[in-house]
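Student: This is the structure I have questions about; it appears just below.
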Amino acid sequence: MIFILGGIALLSILSALFKWLTIAGSITAFILGVIIYHAFSWQGLTILGLFFITSTLLTKWKKDKKQDQDALHTEDKKGRSLLQVLANGGAALLAAIGHLTLSDPVWLIVFAATFATATADTWASEIGVLSKKRPFHIKEWKKVEPGLSGAISSLGTIAAALGASLIGFSFYLLYDSSITIGFCIAFSGFLGNFADTLFGAWFEQKYVCSNCKRETESHVHCGVKTIRIFGYPFFTNNLVNFSSTIIGGLIAGGLYVWIMS
Ligand SMILES: [Zn+2]
């Protein structure tokens, strides 16, 4: 117990030191880790860790190239913020609290599927943005700049499927569950990620840079404040991520109840 808590604390401190997370982000991650451990034991922590470590590594991977393409949000340079941690882990936190309040195996499935969604989403964005072909925007029905929400590429879609499958397959191994349940988690994560793309296309705010005229999701570009051209002001990328992890979790919970009945 002390050993595990020390491990979570160490990883949180390292995250702040290496600027993977901001200070507030790493404190939030620590609390998230402790509650998840309390609810779902070390296996739950492993799922959180798989999401966190692969996302961090993929964000760093070919960073120079991604910066050229303007895919990075300004916050990412200082590490992921408290809100970004909650956007990806908030739904899992709700599942953990649900399980601690009203113990039921369905919470574990919901929990894993929220991380399958978050992993699919991060892998899709971080790998998809490197696609040589321009991604296709599902609402505007045309090819757009890489890195914009609401756009899909075949590379990003494959990455999403692999990310969701990593969590589904790990769940199967960690909990010695059936392959059907593992597949159900992976499938829900993939659908959750698709919901993320739909929300991104229809609701998320988009900005244009007054200097270079490029479309972006950042509030600042080329050192100047950008102009909002589309979307609802409250519908940020964080809210999109949070909503889609909830959807991924609900799909898996529904499938689980259906399979078990
Ligand atoms: Zn610009």
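The values are calculated or read from the model by the stated rules, or taken from the named source; none is laboratory data. Quantities reported herein were computed from a predicted structural model and do not represent experimental measurements. A quick note on method: Cβ atoms are made from the backbone with ideal geometry, for glycine too, and the neighbour counts reach across all protein chains shown. Heads up: the accessible areas ignore ligands, DNA and RNA and are worked out on the full protein's heavy atoms, side chains in. Shrake-Rupley method; radii C 1.70, N 1.55, O 1.52, S 1.80 Å.
Student: Mind checking the angle between helix 154-174 and the chain's longest principal axis? C-alpha axes, 0 to 90 degrees, to the nearest 10.
Tutor: 10
Student: Quick one: if the Förster radius is 22 Å, what FRET efficiency do I158 and F235 give, using the C-beta to C-beta distance and rounding to 0.05?
Tutor: 0.20
Student: Compare the Cα positions of T216, F111, F52 along the charge dipole of the chain (+1 at Cβ of Lys, Arg; -1 at Cβ of Asp, Glu; about the Cα centre) and return the one farthest towards the positive end.
Tutor: Most positive-ward Cα: T216.
Student: At 1.4 Å probe size, what's the solvent-accessible area of V144? Round to the nearest 10 Å².
Tutor: Surface accessible to solvent at V144 totals approximately 10 Å².
Student: How much of the accessible area of the range 43-260, probe 1.4 Å, is carbon plus sulfur, in whole percent?
Tutor: After summing per-atom areas, the C and S share lands at 68 percent.
Student: Same structure, new question: Helix 105-128 versus the longest principal axis of the chain: what angle, 0 to 90°, nearest 10, using Cα atoms?
Tutor: So the inclination is approximately 30 degrees.
Student: So, by mean Cβ neighbours within 10 angstrom, what's the order for 90-97, 15-22, 233-240 with the highest one leading?
Tutor: Most protected by this proxy first, the peptides run 90-97, 15-22, 233-240.
Student: Next question. Note down the relative contact order for the chain as a percent, whole number, built from C-alpha pairs under 8 angstrom at least six residues apart.
Tutor: In percent, rounded to a whole number, it is 20.
Student: Under the definition of Cα pairs under 8 Å and six or more residues apart, what whole-number percent is the relative contact order of the range 143-220?
Tutor: Once divided by the residue count of the range 143-220, the mean separation gives 31 percent.
Student: Moving on to the next point. Using the alpha-carbon atoms, what tilt in degrees (0 to 90, nearest 10) does helix 179-202 show relative to the longest principal axis of the chain?
Tutor: The helix 179-202 is inclined about 30 degrees to the chain.
Student: Ignoring ligands, DNA and RNA, what accessible area per residue does the chain give at 1.4 Å, in Å²?
Tutor: Each residue of the chain exposes 49 Å² on average to a 1.4 Å probe.
Student: Also, I was wondering about something else. Only helical DSSP H runs with n ≥ 4 go in: add -39500 (n - 2.57) per run for the chain, normalise by residue count and round the 222 nm mean residue ellipticity to 500 deg cm²/dmol.
Tutor: Result for the chain: -23000 deg cm²/dmol, rounded to the nearest 500.
Student: Just order 197-203, 184-190 by mean Cβ neighbour count inside 10 Å, highest at the front, would you?
Tutor: Highest to lowest by the protection proxy: 184-190, 197-203.
Student: Let me ask you something else. How much length is gained if the chain between I27 and L198 is pulled fully straight, taking 0.36 nm per residue apart and subtracting their Cα-Cα distance, in nm to one decimal?
Tutor: Net length gain for the segment: 58.4 nm.
Student: OK, next. Using a simple charge model, +1 on the beta-carbon of Lys and Arg, -1 on the beta-carbon of Asp and Glu, nothing else, what dipole does the range 43-260 show about its Cα centre, in debye to the nearest 20?
Tutor: So the dipole magnitude of the range 43-260 works out to roughly 860 debye.
Student: Give, in nm to one decimal, the length gained when the segment between F136 and K63 is fully stretched (0.36 nm per residue of separation minus the Cα-Cα distance).
Tutor: Length gained between F136 and K63: 24.0 nm.
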